[in-house]
Amino acid sequence: MYITLWLVAGAVGCAYAALWLRGRRARRMLQGLPTYTNLPFIGAFYKFFGGGEVVLRRVTEFSKVSDETDLPFVVWAGPLPVIMFINPEDIKEVTNAFIEKPYYYSFGRVWVGNGILTAPGSIWKRSIKNLSSTFNTTIVEGYQDVFNAQAHILVGKMKGEVGREPFHALEKYLAHTTLETICQTALGVPRISDSIVTTEYYDAFNSAARLLMKRGFNVLLHPDALFRLSASSRALDRSVAVIHNVSETIINRRMKEWKRKTNNEGEKQPGTRFKSFLDILLELSERDSFLTLQQIKAEVDTIIVGGQETVATTVFFVLLMIGSKPDVQEKMYAEIEGIFGDSKRPVEKEDLAQMTYCDAVIHEVLRLYPPVPTVMRYSDKDLKIRCCTIPAGAACGINVWGAGRSRRTWGPDAALFRPDRWLDPDYMSSRSTTLMAFSHGRRACIGRKYAMALMKTLLAHCIRELHFSSEAHKLRVGVDLVLRTLGGHLMTVQ
């Protein structure tokens, strides 16, 4: 055991020395940019010890420095630079130039394989050719029945909380609803009323997310050899096994059904409006051998992971913010009442197009409270931008949190929650591409239409039947895989 540990430590030490030598060039190239004081071996990682609230506090801290200086901020992760950008032009150049992800995205492959979120650039290029049109308008419209059914269930749960103060269960209800919705639309189920998400699945999903984030912020757990010796590795394996058991059982069943249909003349295409993401991939796999069973599983798992947390977090923050802004909530209610009247009918695609104020509120929440505060790229070559040259081998952080709060970009009221800014064409004319919540560039989120349709459907159902109150000014937030509330707010529903 001791010999193994010494060998591992020696290998890690040699690898670190090689990285340090490579980092000397990066330090010379980036020496004019603002940064923290660095410590030997760990760089500025000591600044991020203390959990998700501390991490977000540091992001806010260096975002202000970048906004004041109009320069990227460098956080040294040991010998390697992480360059954080908030300037829209810098972000555009970086996201269009680089498609690779930093090495720590590979930590998630135990869960989602080489899906489009974590795949190396070479695999991503093959995948995106197949997936770029999978969430087009027609496909997303076919999911509207599922969206409405799950929204109805969510409202029923919320009504059970009327009179209870504070309403602590809202985040869990939203997380469960969006996870169920995305599982049904990604995997397909015989009936909308069938549930995929059990308590075991839900707990395993959240456990895996926490464990991956824990590894990401503990540099000692970055080497695979050291991580595999940890209790966190074994716990992650158990959680992922539960998740994969559910998705693989359904995928294998659908594969058998698909093969049976393709062997019967005239039954290949079921003439239904609903077509799950899995069904689309099975169709595509007939034309592209790249879409093996393993790759299909990876893409399905990626869509579930990428969609669930972001949608649930955004809807929660919308309800939280309108609960503290009665005028905004009243405008949303008036818009929805104008569309639906007293009817409790399902939300249709035509209704979504009319919900322009709801759209503005969602965008304002995404600006101030992006579900994923940072998105990363890896520089596989030197790149000269307006203020510096990015060295090859650096991690480039799209600081979504800081970009949305930049006074240089959004003006002196950048910190204010003001949805009407999105309805002012003169104000938005120079800012139309500055919302980074769906990422940017060549590896931007492919599920934007899906996410917006689901969020607007959930909000329409909630707001026409319920009234929300909150104390958002006391809100404390932090980050693990996504933005989280940590307390301070009081949420009630009537």
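Here, each number is a calculation from the coordinates, and none is a lab measurement. Computed from a predicted model, the values in this text were never measured in an experiment. Cβ placement follows ideal geometry from the backbone for every residue including glycine, while neighbour counts extend to all protein chains displayed.
Laid out as a table, the results:
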quantity: By average C-beta atoms within 10 angstrom, highest first, the peptides 339-348, 135-144; calculated: 135-144, 339-348
quantity: Theoretical gain in end-to-end length, Leu220 to Lys125 [0.36 nm per residue, Cα-Cα removed]; calculated: 31.0 nm
quantity: Listed pairs Lys159/Lys474; Lys297/Lys344; Lys92/Lys172 exceeding 29 Å between Cα atoms; calculated: Lys297/Lys344; Lys92/Lys172
quantity: Ala353-Asp420 pseudo-label distance in nm [points 7 Å out on the Cα-to-Cβ vector]; calculated: 2.8 nm
quantity: Label-point separation, Glu283 to Thr199 (7 Å along Cα→Cβ), nm; calculated: 3.9 nm
quantity: Computed Kirkwood radius, in angstrom, where 1/r is averaged over Cα pairs of the stretch 2-493; calculated: 24.0 Å
quantity: Gain in span if fully extended, Glu471 to Lys64, counting 0.36 nm per residue against the direct Cα distance; calculated: 144.0 nm
quantity: The chain: relative contact order in percent, alpha carbon pairs under 8 Å with at least 6 residues between; calculated: 25 percent
quantity: Separation of the Ser429 and Glu257 label points, Cα + 7 Å toward Cβ, nm; calculated: 5.2 nm
